[in-house]
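Each value in this text was obtained by applying a stated rule to the coordinates, not by laboratory testing. These figures come from a predicted structure and were not determined experimentally. So basically every Cβ, Gly included, is an ideal-geometry build from the backbone, and we count neighbours across all protein chains shown.
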Amino acid sequence: MKIKDSVVLVTGGGNGIGEAVIKYFAKAGAKVAVVDMAQKNIDRVVSEVKAMGGEAIGIQANVTSEADTAKFIKATVQAFGKLNIVVASAGIIRDGTMLQLDKETGKVSRKMGLDKWQPVIDTNLTGTFLTIRDAAEAMVNGGWEGLLVPVSSVNKVGQVGQLNYSSAKVADALLPKIVIGEFLLRGIKNIRCVGVAPGYTATPMLTGMNQEALKAILADVHLGRLIAPEEIAALIAHCVENEALNATTLEVTGGLCYPGGIAK
Ligand SMILES: NC(=O)c1ccc[n+]([C@@H]2O[C@H](COP(=O)([O-])OP(=O)(O)OC[C@H]3O[C@@H](n4cnc5c(N)ncnc54)[C@H](O)[C@@H]3O)[C@@H](O)[C@H]2O)c1
């Protein structure tokens, strides 16, 4: 599968990893659709791609909505005539432990509420499902060669303080195996699915954090630095070109090993 002249749609394409994927593929000659909730970021990324000589459209949408998902898939196919590569990068965190205890009584003083649970599941899991489902529908009906890329996280192993996020990301990591098994059963041969599970990546969320806390995180990373979003984009580009990669989720972590255990 070739990147040049392919059509690439990225949810969460207005920032961070999604933005890097958009720019990487646009530079390599793909036509790109930037899907995001934040119109300001969409406008910035689309104009930067155009300034590089690329072809881009922007679609403001919420990935948790079925109607919005149908809308951004349709708009992309209408604009570019097909759809080949879809990266579901829209994601959020709302960290916290399931229970908090009162220091004096030892009794439960607070529980993780649905206000923290539901948006994380809706965005990271339901949103990814809807994007992958509707992209696959368009690719099957259009007969186009396709690659579906859910974005999981290395925290799929079970990060303390992220019961909501880890639950969604472990399901995202399983999605390629289940979907490709289904395609095999149904005789769908034109679409592959490969997930990526990044480790700590240099997006605004992490680069802006407390530098001491960042140093502590990096102590577990063999590479000794944050991963560049472009390194994740490069892995996805390799997945496009290597058709032996399928029905799996690849970690890109710089060698995150948790030698001290993950429950620090
Ligand atoms: N940054 C990391 O270290 C890291 C590590 C592992 C996995 N990830 C995953 O990579 C993906 C991208 O992360 P990032 O660091 O680039 O985040 P980011 O916050 O920089 O970008 C996420 C983008 O998604 C958009 N978005 C959020 N909710 C949305 C919704 N409901 N509908 C449409 N757009 C929505 C945001 O507006 C934003 O532009 C996420 O799925 C995240 O869980 C990130």
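Across every pair of different alpha-carbon atoms, what Kirkwood hydrodynamic radius in Å does region 109-154 reach? About 12.6 Å for region 109-154. Of the complete DSSP H runs in the chain, those spanning 24 angstrom or more by Cα along the long axis with a mean Kyte-Doolittle score not below -0.5 are 163-186. Highest average first, the peptides 110-121, 25-36 ordered by how many other beta carbon atoms sit within 10 Å of their residues are 25-36, 110-121.
When the Cα centres of region 56-128 and region 142-159 are compared, how far apart do they sit, in Å? Here the answer is 14 Å between Cα centres. Remark: relative contact order (the chain) = 19 percent; criterion is Cα-Cα distance under 8 angstrom and separation of 6 or more residues. Per-residue Cβ neighbour counts within 10 Å put 76, 105 in the sequence 105, 76, beginning with the fewest.
Applying both filters, DSSP loop and at most 12 other Cβ atoms within 10 Å, to the GluC sites (Glu not before Pro) of region 35-106 gives 104. Comparing 139, 98, 205 in a Gaussian network model of the chain (Cα springs below 10 Å), the most mobile by mean-square fluctuation is 205. Convex hull volume of the C-alpha atoms in region 20-147, normalised per residue: 125 Å³. Taken as Cα centroids, region 32-50 and region 160-200 sit 26 Å apart, rounded to the nearest whole angstrom. According to the Kirkwood relation over distinct C-alpha pairs, the hydrodynamic radius of region 56-130 is 15.0 Å. Taking 0.36 nm per residue of sequence separation and removing the Cα-Cα distance, the residue 219/residue 186 pair yields an extension gain of 7.3 nm.
For region 7-252, the alpha carbon convex hull comes to 138 Å³ per residue, rounded to a whole number. Summarising the strand pairing of region 7-252, around 10 percent of its internal DSSP beta bridges are antiparallel. Here's how it looks for residue 252: its modeled amide H is under 5 Å from those of 197, 199, which are all 5 or more places away or on a different chain.
Sorting 244-251, 216-223 by their mean Cβ neighbour count within 10 Å, with the most densely packed peptide first, gives 244-251, 216-223.
Sorting 186, 133 by the number of Cβ atoms found within 10 Å of their own Cβ, with the fewest placed first, yields 186, 133. Only Lys, Arg, Asp and Glu carry charge here, each on its Cβ (+1 for the first two, -1 for the last two); on that basis the chain has a dipole of about 120 debye about its Cα centre.
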